[in-house]
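Notes follow once the structure below has been shown.
The values are calculated or read from the model by the stated rules, or taken from the named source; none is laboratory data. Bear in mind that the values here come from a model prediction, so they are computed numbers and not experimental data. With ideal geometry, Cβ positions are generated from the backbone for all residues, glycine too; neighbour counts draw on all protein chains shown. Side chains are part of the model used for accessible areas, which takes the heavy atoms of the whole protein and leaves out ligands, DNA and RNA. Shrake-Rupley method; radii C 1.70, N 1.55, O 1.52, S 1.80 Å.
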Amino acid sequence: AADLRATPDLLVADVGIKDYGEKENQDLADRYTISKDDFPSVKLFLNGDLEKPIAFDDKDFKADRIKTFVKTKAGIKILLDSCLEEFDALAAKFAEEKATKDKQKKVFESAKKKSDALTKESDKKSAAIYVKIMEKALERGVVFYESEKQRVQNNNWPFDRLRFFFLEVPSDLY
């Protein structure tokens, strides 16, 4: 839930349910037919509809799977804390299958200019990563994607901002 804070169209709530003592929030468990065997449980409520939540039934209870579930069912873009929506869009343009080197250079220059105009320190740091990745990709070409993907995987880092660069590049290019 922590990395969903930057997503404006999403409210995440953690509701603890106790099956002992005062049985805190047991009424919610009963209302949405959640038993102790169902814990942890994720329910997605769309457009204020409290009567028909969509249940996350995947037994592989991992953050990425839950994010994919929410994105798919709610149709919203989920931003990570250090991601910037405008720069995510630039990264997607940069990594488009049909993007020529000239188009990538223009996107890179645009990202640099927008990065330089930022005033908030945390945004500047995030934007600098986008710009650096684009710069390296321009310098090294297609081989950058594979080597960087491997480096990130070897360090067990989440893909975060790098996802556009790794997931959008056609695999036949590397």
**Study point:** Peptide ranges 91-99, 67-75 listed from the most packed, as the mean C-beta count within 10 angstrom indicates
**Key:** 91-99, 67-75
Review point. Which cross-chain or sequence-distant (5 or more) residues have an amide H under 5 Å from the amide H of Thr7, H modelled 1.01 Å from N in plane?
Key: Leu79
Point to revise | Violating pairs (Cα-Cα greater than 26 angstrom) within the set Lys93/Lys136; Lys18/Lys43; Lys62/Lys114; Lys113/Lys136 | key: Lys62/Lys114
Check your understanding: So which aspartates and glutamates can Lys36 reach, going by Cα to Cα under 18 Å and dropping same-chain residues fewer than 8 places off?
Key -> Asp14, Asp19, Glu22, Glu24, Asp27, Asp57, Asp58, Asp60
Review point. Given a 1.4 Å probe, how much area per residue of the stretch 1-74 is accessible, in Å²?
Key: 78 Å²
Revision key, fill the gap. For the stretch 90-141, the percent of accessible surface on carbon and sulfur atoms (probe 1.4 angstrom, ligands and nucleic acids excluded) is 49 percent
